[in-house]
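Engineer: I'd like to ask you about the structure that follows.
The values are calculated or read from the model by the stated rules, or taken from the named source; none is laboratory data. The model shown is predicted, which means the values in this text are computed figures rather than measured ones. Every residue, glycine as well, gets a Cβ built from its backbone with ideal geometry; the counts of neighbours run over all protein chains shown.
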Amino acid sequence: MQPPSPAADASPPLALTVRQQRLLAELGSSDDELSGQELHARLRHGPDAMGLATVYRNLRYLQQRGLVRSRHLPSGEALFAPTERDRHHLTCVDCGFTLPLADCPVHGLKLPSTQLAGFEPLFHTLEFFGICAPCRQRQQAS
């Protein structure tokens, strides 16, 4: 699913606070997704330090603007990444092992406007959950 093109969006550019810019920069500089706790640990020192609740509040704001996406692990933990990083995963529901998919199978998908019911798509997530080979072997052995 592709986000709307910038030319189709007549709204003005988003004005982000310094803290929101720092969160985006930290997410962008990481090779992997980060939890709110990890972001808080990385950003709690410095001139614009923020508490954990502020980290989550700003992540929510960025997510609502289509700049950050999140995915939830079976443990309930949320991981965050910039939306331009289009990665999807296979996740083991037993041990939590996560394997990134090489390609996004829905990248070019366009939703028919008749199904959008007024929604403006910002980003998408795609997750597959199952049992990894080691957990499956362990379950079969017991």
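Engineer: Counting only residues that are surrounded by 17 or more Cβ atoms within 10 Å (Cβ to Cβ) and over 16 Å from the mean Cα position of the chain (by Cα), which one in segment 43-65 is farthest from Gly96 (Cα to Cα)?
Structural biologist: Looking at the filtered set, the residue picked out is Met50.
Engineer: Among the listed residues Leu59, Leu79, which satisfies the condition of being outside any helix (DSSP H, G or I), touching a strand residue (DSSP E or B) at 6+ places or on another chain (Cβ under 9 Å), free of Cβ contacts under 8 Å to residues at least 60 places away in the same chain and of a type in the set (A, V, I, L, M)?
Structural biologist: The unique qualifying residue is Leu79.
Engineer: Within the group Phe123, Phe80, Phe119, which residue is buried (at least 16 other Cβ atoms within 10 Å of the Cβ), within 29 Å of Gln20 (Cα to Cα) and at pLDDT below 90?
Structural biologist: Phe123
Engineer: Return the residue satisfying two criteria in turn: it lies in segment 66-76 and is surrounded by 14 or more Cβ atoms within 10 Å (Cβ to Cβ) and within 12 Å of Glu33 (Cβ to Cβ), and of such residues it is modelled with the lowest pLDDT.
Structural biologist: Within segment 66-76, the match that is modelled with the lowest pLDDT is Leu73.
Engineer: Same structure, new question: For segment 54-96, which residues satisfy the criterion of being closer than 24 Å to Leu122 by Cα and small (Gly, Ala, Ser)?
Structural biologist: Gly66, Ser70, Gly76, Ala78, Ala81 - these are the residues of segment 54-96 that are closer than 24 Å to Leu122 by Cα and small (Gly, Ala, Ser).
Engineer: Does Asp94 fit the bill of being in contact with a helix residue (DSSP H, G or I) (Cβ under 8 Å, 6 or more places away or on another chain), touching a residue at least 24 places away in the same chain (Cβ under 8 Å), within 30 Å of Gln137 (Cα to Cα) and not hydrophobic (A, V, I, L, M, F, W, C)?
Structural biologist: yes
Engineer: Ok, one more. Consider Lys110 against the criteria (1) without any contact (Cβ under 8 Å) to a residue 40 or more places away in the chain; (2) over 29 Å from His40 (Cβ atoms); (3) charged (D, E, K, R): it satisfies all of them except one. Which criterion is unmet?
Structural biologist: (1) is the only condition that Lys110 fails.
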